[in-house]
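Colleague: Structure incoming, see below.
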Amino acid sequence: MPEGICIFAENYNGNLDNSVPELVTAAHVIKAATGEKIEAIVSSDQCRELSDQLVKLGVEEIYAVKTDHDPAFQDDSLSRVYAEMIRRIEPSAVLIPATPAGRSIFSRTAAILGCGMTADCTELLVAKRDDGSFYIKQNKPSFGDNVFVTIEMKPGVYPQMMTIRPGVFAPYENSGSSDAKVTYFDDIVMPASGVMVIETVPAAAATGSILGADTVVVGGRGAAAEGNMELLKQFADKIGAAVGCTRPIADTGVIPFEHQIGQTGATIHPRICISLGVSGAIQHTEGIKDTKLFVAVNTDENAPIYNVADYGINADMKEVLEAYMKL
Ligand code: FAD
């Protein structure tokens with residue numbers, strides 16, 4: 001019987017990707033119900049450094065394939081390495097970040113293994129069958145992000161493979177050191193890749209990204225009147241905040257989709273959120289519910305946004321911002 005919750009340790013230049021601590025949190029959600037071990041698979045020319053980082057995150061079993069060169073972006077070959085590792089480890093579940101690398105490598109891996117893969121999960125729930133076996137309900141937006149669907153594997157089909165949207169789970173913070181076992185598969189050799197990496201260029205710093213921002217100002221349809229979005233952006237600039245929005249605003253293209261918050265957008269964990277002209281639909285607030293301090297401005301005193309806000313200002317967002325900008 002397959003056992004173990006296995007995470008993909010995405011890495012670059014000897015450092016784990018930010019997605020890895022989030023996957024550890026997701027693995028703990030499953031472990032709380034099934035009691036299975038948390039495992040990681042890693043392939044790199046810097047396996048030792050990466051294993052040390054995984055140990056600090058509290059991963060219990062680490063499986064590594066050392067390569068003789070940096071394998072980044074050689075997804076065709078990496079997918080074969082990971083497929084062979086998964087065949088040997090036989091985990092019940094494989095958690096992958098829904099990053100470009102995670103999607104590219106593991107869609108190939110799933111095809112090699114002949115198992116399914118759910119893309120872009122935003123929620124994982126563990127359920128039990130009549131025979132006592134556990135399975136994961138993999139929830140995700142679908143059909144143009146208009147419905148929320150639950151996907152589950154047929155009984156007996158393993159591993160349950162899924163990519164998880166970055167930002168949905170908070171990064172795991174290990175409280176102590178762990179006693180992890182590291183196993184090297186020396187006989188798994190990365191096959192030659194059809195991809196030759198000529199040059200790698202660091203990505204431009206993502207200015208104004210809502211993921212990881214300390215303070216986020218969110219504009220909804222109530223901030224859509226002419227000039228109000230500009231005012232909102234000036235306000236965000238003034239207080240050093242990133243700008244987020246609701247779906248109707250992203251749909252109009254006034255603010256790009258990457259800034260949309262909610263079930264079909266980003267999940268964020270800022271310290272402060274200031275919400276302007278947002279009604280507070282559950283599909284939106286789901287993406288922002290872990291905010292430490294939530295302030296909402298809305299002209300409707302019965303707006304549902306006040307149910308999640310710590311402070312509510314029943315007023316026109318334009319008047320509130322204009323008053324603040326004069327300070
Ligand atoms: P509205 O609901 O129209 O609210 C505007 C608010 O502004 C009102 O409360 C009004 O009182 C207030 N207002 C008006 N004028 C002013 C003013 N001058 N000053 C202050 N307040 C004012 N939505 C998302 O945001 N993210 C998602 O990821 C998402 N996913 C979805 C997935 C599915 C499957 C579905 C069906 C829907 C999804 N939605 C999502 C849409 C969601 O249900 C709501 O329709 C949407 O969040 C509403 O956006 P809003 O609050 O900007 O607009």
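The values are calculated or read from the model by the stated rules, or taken from the named source; none is laboratory data. All of these numbers come straight from a predicted model, not from anything done at the bench. No Cβ is skipped: glycine too gets one built from the backbone with ideal geometry, and neighbour counts run over all protein chains shown. Note: areas computed on protein heavy atoms with side chains; ligands, DNA, RNA excluded. Shrake-Rupley method; radii C 1.70, N 1.55, O 1.52, S 1.80 Å.
Colleague: Quick check for you: with a 1.4 Å probe and neighbouring chains kept, what is the accessible area per residue of region 121-225, in Å²?
Modeller: About 61 Å² of surface per residue is accessible.
Colleague: Any idea which of 38, 117, 54 is furthest toward the positive side of the dipole for region 1-122, if Lys and Arg beta-carbons carry +1 and Asp and Glu beta-carbons -1?
Modeller: So the residue furthest toward the plus end is 117.
Colleague: Can you figure out the FRET efficiency of residue 327 with residue 173, using R₀ = 35 Å and their beta-carbon distance, to the nearest 0.05?
Modeller: So, using R0 = 35 Å, E works out to roughly 0.40.
Colleague: What is the distance in Å between the Cα centres of region 2-30 and region 114-143?
Modeller: What the calculation gives is 17 Å, centre to centre.
Colleague: At 7 Å along Cα-to-Cβ for each site, give me the label-to-label distance between residue 199 and residue 214 in nm.
Modeller: 3.6 nm
Colleague: Which order do 267, 150, 109, 299 take by accessible area at a 1.4 Å probe, largest first?
Modeller: These residues rank, largest area first, as 299, 150, 267, 109.
Colleague: Please work out the FRET efficiency for the pair residue 1 and residue 66, using the Cβ-Cβ distance as r and a Förster radius of 35 Å; give the result to the nearest 0.05.
Modeller: It comes out at approximately 0.75.
Colleague: What is the Cα coordinate range of the chain on the first, second and third principal axes, sorted by size from largest, in whole angstrom?
Modeller: Projected onto its principal axes, the Cα set of the chain covers 68, 53, 40 Å.
Colleague: So for the pair residue 281, residue 251, with labels modelled 7 Å out along Cα→Cβ, what separation do we get in nm?
Modeller: About 0.6 nm, to one decimal.
Colleague: Still on this structure: Could you name the lysines whose alpha carbon sits less than 16 Å from that of residue 326, not counting residues in the same chain fewer than 8 places away?
Modeller: 233, 238, 318
Colleague: Round to a whole number: what % of the accessible area of region 182-324 belongs to carbon and sulfur, probe 1.4 Å?
Modeller: It is 53 percent, rounded to a whole number.
Colleague: Among 158-168, 68-78, 32-42, 310-320, what's the highest-first ranking by average C-beta atoms within 10 angstrom per residue?
Modeller: For the peptides 158-168, 68-78, 32-42, 310-320, the packing ranking is 158-168, 32-42, 68-78, 310-320.
Colleague: What do you get for Rg/Rh of region 158-307 when both radii come from the Cα atoms and Rh is the Kirkwood radius?
Modeller: 1.13
Colleague: Can you give the helix-only mean residue ellipticity at 222 nm for the chain, where every DSSP H stretch with n ≥ 4 adds -39500 (n - 2.57) and the sum goes over all residues, rounded to the nearest 500 deg cm²/dmol?
Modeller: Dividing the helical sum by the residues of the chain leaves -8000 deg cm²/dmol.
Colleague: Return P(r) of region 1-148 (all Cα-Cα pairs; 5 Å bins starting at 0; whole %; ordered from short to long distances).
Modeller: Bins of 5 Å from zero give 2, 9, 19, 22, 22, 14, 7, 3, 1, 0 percent of pairs.
Colleague: Return the distance in nm (one decimal) between the two label points of a simple spin-label model at residue 157 and residue 300, each offset 7 Å from Cα along Cα→Cβ.
Modeller: If labels sit at residue 157 and residue 300, their model points lie 4.1 nm apart.
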